[in-house]
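Peer 1: This is the structure, below, for whatever I ask next.
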Amino acid sequence: FSVAYGQGIRSIDPIYVYEDVSTPFARVDSYEGGVTYARELGGYSLVARSIFFGTHVDHDLVFSQSEGRNTLANGTTRMGWVGALRLSGAWLDESMNLTLVRSSFDDTGLLVPYVPDTVLRSDTVVHTVLPWKLRGDKITTAIGAGVSFIGKRALPYGEQSDTIFTLDASASAAWKGL
């Protein structure tokens, strides 16, 4: 089990820094609580995490489409949950993370633009040593896939973005130093 709280600051865009005026910083308060489970299962290592979190920024930077850059906004609060799973063994390595979040402005309750409500990522790799050698040295191989799903994001004027799905694939072989 874990519980954490932290306070910090984040600098503000330099456009808001003026001569002879103290430099403004955004105060960040963050907290989380969660549980981690770890176990060895017949040659595999399993680690699972569940974490609830909250973050408050007293004045946030939010991208403005009309100005083409981040601008200073009122305070925001992000509340959410992260679930993570890692399974690894002699020939397999799987890592999966799911984040669910609600990010809103403190004064209006409206959603913060461009912050996705759901992010899912899975990375899977299968690796092995080939049964033959090249000039007396082993050849190791790996094949992997990364899958990302990014949920809807609030957009200006009450609009919402489409979801995004990406698939990355990789394959590799290694022999000696190559």
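Residues are listed down the side, and each one gets a yes or a no for (1) touching a strand residue (DSSP E or B) at 6+ places or on another chain (Cβ under 9 Å); (2) of a type in the set (Ser, Thr, Tyr):
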{"residue": "VAL82", "(1), (2)": "yes, no"}
{"residue": "ALA90", "(1), (2)": "yes, no"}
{"residue": "MET96", "(1), (2)": "yes, no"}
{"residue": "THR108", "(1), (2)": "no, yes"}
{"residue": "VAL119", "(1), (2)": "yes, no"}
{"residue": "VAL129", "(1), (2)": "yes, no"}
{"residue": "ARG135", "(1), (2)": "yes, no"}
{"residue": "LYS138", "(1), (2)": "yes, no"}
{"residue": "THR166", "(1), (2)": "yes, yes"}
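Peer 1: On to the next question. When both residues are 6+ apart or on different chains and their Cβ atoms are under 6 Å apart, which pairs have a first residue that lies in segment 44-57 and is more than 9 Å from ALA84 (Cα to Cα) and of a type in the set (Phe, Trp, Tyr), and a second that is open to solvent by 30 Å² or more (accessible area, probe 1.4 Å) and assigned to a strand (DSSP E or B)?
Peer 2: Pairs that qualify, where the first residue is more than 9 Å from ALA84 (Cα to Cα) and of a type in the set (Phe, Trp, Tyr) and the partner is open to solvent by 30 Å² or more (accessible area, probe 1.4 Å) and assigned to a strand (DSSP E or B), are TYR44/LEU87; PHE52/TRP81; PHE53/GLU32.
Peer 1: To continue, here is another question. For TYR157, work out the one condition from (1) surrounded by 15 or more Cβ atoms within 10 Å (Cβ to Cβ); (2) among the aromatic types (Phe, Trp, Tyr); (3) part of a helix (DSSP H, G or I) it doesn't fulfil.
Peer 2: Tallying (1) surrounded by 15 or more Cβ atoms within 10 Å (Cβ to Cβ); (2) among the aromatic types (Phe, Trp, Tyr); (3) part of a helix (DSSP H, G or I), TYR157 fails exactly one: (1).
Peer 1: What pairs can you find where one residue is in segment 128-145 and within 12 Å of TRP175 (Cα to Cα), the other is among the charged types (D, E, K, R), and their Cβ atoms are less than 6 Å apart, with a gap of 6+ or different chains?
Peer 2: As it stands, the answer is VAL129/LYS138; ASP137/LYS176, since those pairs meet every condition given.
Peer 1: Also, quick follow-up: Have a look at THR99, THR55, THR36 and point out the one that is surrounded by fewer than 13 Cβ atoms within 10 Å (Cβ to Cβ) and either β-branched (Val, Ile, Thr) or closer than 26 Å to SER148 by Cα (or both).
Peer 2: Among THR99, THR55, THR36, only THR36 is surrounded by fewer than 13 Cβ atoms within 10 Å (Cβ to Cβ) and either β-branched (Val, Ile, Thr) or closer than 26 Å to SER148 by Cα (or both).
Peer 1: Oh, and also: Go through (1) among the aliphatic types (A, V, I, L, M); (2) in contact (Cβ under 8 Å) with a residue 24 or more places away in the chain; (3) over 22 Å from GLY6 (Cα atoms) and name the single condition LEU98 misses.
Peer 2: (2)
Peer 1: Look at ARG86 and say whether it is in a strand (DSSP E or B), within 22 Å of SER45 (Cβ to Cβ), touching a residue at least 40 places away in the same chain (Cβ under 8 Å) and under 20 Å from the mean Cα position of the chain (by Cα).
Peer 2: So ARG86 passes the test.
Peer 1: Same structure, new question: Is one or more of the residues making up segment 16-33 surrounded by fewer than 11 Cβ atoms within 10 Å (Cβ to Cβ) and closer than 28 Å to PHE165 by Cβ?
Peer 2: no
Peer 1: Out of THR140, THR124, THR128, THR76, which single residue is among the hydroxyl-bearing types (Ser, Thr, Tyr), open to solvent by less than 70 Å² (accessible area, probe 1.4 Å), under 30 Å from ARG49 (Cβ atoms) and in contact with a Phe, Trp or Tyr (Cβ under 7 Å, 6 or more places away or on another chain)?
Peer 2: THR76
Peer 1: Let me ask something else. If the Cβ limit is 9 Å and pairs must be 6+ apart or interchain, which residue in segment 2-14 that is among the acidic types (Asp, Glu) pairs with which residue that is open to solvent by less than 50 Å² (accessible area, probe 1.4 Å)?
Peer 2: Here the result reads ASP13/LEU61; ASP13/THR71, each pair linking segment 2-14 to a residue that is open to solvent by less than 50 Å² (accessible area, probe 1.4 Å).
Peer 1: Go through SER122, SER95, SER103 for me and flag whichever is among the polar types (S, T, N, Q), assigned to a strand (DSSP E or B) and over 29 Å from SER170 (Cβ atoms).
Peer 2: Only one candidate passes the filter, namely SER103.
Peer 1: Cβ contacts < 6 Å: first residue in contact (Cβ under 8 Å) with a residue 12 or more places away in the chain, restricted to segment 152-178; second residue assigned to a strand (DSSP E or B) and of a type in the set (Ser, Thr, Tyr), any location; separation 6+ or different chain. Result?
Peer 2: From residues that are in contact (Cβ under 8 Å) with a residue 12 or more places away in the chain, the pairs are THR166/SER148; ALA173/THR141; ALA174/THR140.
The values are calculated or read from the model by the stated rules, or taken from the named source; none is laboratory data. The structure presented is a predicted model; accordingly, all values stated were derived computationally and were not measured. Cβ coordinates were reconstructed from backbone atoms using ideal geometry, including for glycine residues, and neighbour counts include every protein chain displayed. The accessibility values were calculated without ligands, DNA or RNA, using every heavy atom of the protein model including side chains. Shrake-Rupley method; radii C 1.70, N 1.55, O 1.52, S 1.80 Å.
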